[in-house]
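What follows draws every value from the coordinates through simple rules; no lab data is involved. Remember, it's a predicted structure, so these values are computed and weren't measured experimentally. Virtual Cβ from ideal backbone geometry, glycine too; neighbours counted across all protein chains shown.
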Amino acid sequence: MADEKKKLSLGGIDSAAEEKGSGMKALWQFVKFIVVSGLVTIIQLVLANVLPYVFDGVHATIPHFLQGIFAPNTIFDASVFDLPINDWLETAKQFMNDTFTKVDTGALKAAKETLGEGFKVMKTQVNTFVDINKYVSGYAIENGSIVKGVITWGYLLPFFLSNLIANIYGFYQNKKTTFKSDAPWYNFAIYIVLMIALILFSTWLQGWLYGVLSQISFIAPFARTIGGLAAGFVQMIVLFPMEKFVLLKEKKPAEGEEAAE
């Protein structure tokens, strides 16, 4: 009975996979890595959707070296504005008065039917304007483009921190259970540098996807989640070979253990 329990334990499965050769062992490590990556993604998604409530009020702008990576016009689709922004604001105010301020559901429905496609267009414009106004400091919109402005930390930090925190957990979990590594402490420092570079790309990817998907009404509520899933996938295909072959090499058994085997 004890032997059966041992076989069904994580250690028992590890031993069984190792006995079947290096190929099966690597496959089993990949399976464990995917499970850990799933946990990392869950942590990341939760944080990506919760942290905006903490950081939305942060209006300090990102430093100059990041501004080229996180350009407002790349992240937000301002092409939805077919009027100069000041003229559009006047139109939007009238639109809000005519539709959203009506408490009568029937009147709101009638307004939607009357405006038709214009209602959807204006709703998309309003959502885009809210995001730009919240996350871009000193912006100016001309001819459907954001020609001036800097992204704020309030936009960047939720994406960045959700990635970093989740992947620090992933590093230690993979070190302990996936690769059973005794890698030196400085490998963690190397991992952090790698993660910062990877997270900058992933954060840009998440932000770009958020800007695109938030324009699609039925997808908009899930834009952050989809962006987080895409970032998690990119990180997974990069990190597995890096951790297995470079950062988290499996510890070698002691001479006494080798002799015992």
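Summary table
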| quantity | calculated |
| --- | --- |
| 3J(HN,Hα) from dihedral phi, the range 20-27, Karplus parametrisation 6.51/-1.76/1.60, rounded to Hz, x for glycine, proline | 7, x, 5, x, 5, 4, 5, 4 |
| Gain on full stretching of the segment that runs from residue 69 to residue 242 - 0.36 nm per residue minus C-alpha separation | 59.8 nm |
| Modelled label reach - residue 142, point 7 Å along Cα→Cβ, the range 43-70 residues with backbone N closer than 15 Å | none |
| Separation of alpha-carbon centers, the range 120-180 and the range 184-218, rounded to whole Å | 10 Å |
| Computed E for residue 127/residue 172 - FRET, C-beta separation, R0 30 angstrom, nearest 0.05 | 0.20 |
| Rough spin-label spacing in nm, given labels placed 7 Å along Cα→Cβ, for residue 82 and residue 39 | 5.2 nm |
| Efficiency of FRET between residue 180 and residue 46 - r from beta-carbon atoms, R0 30 angstrom, step 0.05 | 0.60 |
| For residue 148, distant residues with modelled amide H under 5 Å away | 140 |
